[in-house]
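Peer 1: Below is the structure I would like to discuss, written out as structure tokens.
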Amino acid sequence: MKKTLFLLYFISSLAVAFGQESQDICTYLQETGRVSIIQDSRLAELVGNQPQAYYANGSRSGNTNNTIGYRIRVFSGNQQTTSKNRCYSIQAYINQEMPDLPTYVAFKTPNWRVSVGDFRTSEEASSMLAQLRKAFPGYAKDMFIVKEKINL
């Protein structure tokens, strides 16, 4: 008797489960409008406590506000060892002469580059380019304005 009742209960449960209309995830999300992500707390320990890997403005950290602006390229060279050393010596020289002007050394295959400044407009960059050409006549012919991500 118990087996028969259990069998009837099991069959009726299956009939109810199969009789319900299944809902795909897209329909569910459109109706509810929210997504909950549940993760193991150990994952945060492994990855670190970063609130987000990338932000809407494209930067990797929330400390700097990276946006598109202008910099002045002072030097660019593609000879691996000599260009790297020259970049760092140019950066040190500019930092010594103009300590308030931020300088950046970057390697983007195959070139080593030295850039200066974080300018919002091309007019600001043009004004500084004229000052830099007067202050550093040895690099004047190689200087030009580039559009790239800047730190504000």
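The values are calculated or read from the model by the stated rules, or taken from the named source; none is laboratory data. This structure is a prediction, so every number in the text was calculated from the model and none was measured. Methodologically, a virtual Cβ is constructed for each residue, glycine included, from the backbone with ideal geometry; neighbour enumeration extends over all protein chains shown.
Peer 1: Surrounded by 10 or more Cβ atoms within 10 Å (Cβ to Cβ) and either out of contact with any Ser or Thr (no Cβ under 6 Å at 6 or more places or on another chain) or modelled with pLDDT of 65 or more (or both): is that true of Ser22 in this structure?
Peer 2: On the way: surrounded by 10 or more Cβ atoms within 10 Å (Cβ to Cβ): no; either out of contact with any Ser or Thr (no Cβ under 6 Å at 6 or more places or on another chain) or modelled with pLDDT of 65 or more (or both): yes.
Answer is no for this residue.
Peer 1: Can you list the strands (runs of 3 or more DSSP E) found entirely within the stretch 78-152 that contain at least 3 residues being surrounded by 12 or more Cβ atoms within 10 Å (Cβ to Cβ), in contact (Cβ under 8 Å) with a residue 60 or more places away in the chain and not basic (Lys, Arg)? Show your work before the answer.
Peer 2: Working: elements: 103-108, 111-119, 144-151.
Qualifying strands (runs of 3 or more DSSP E): 144-151.
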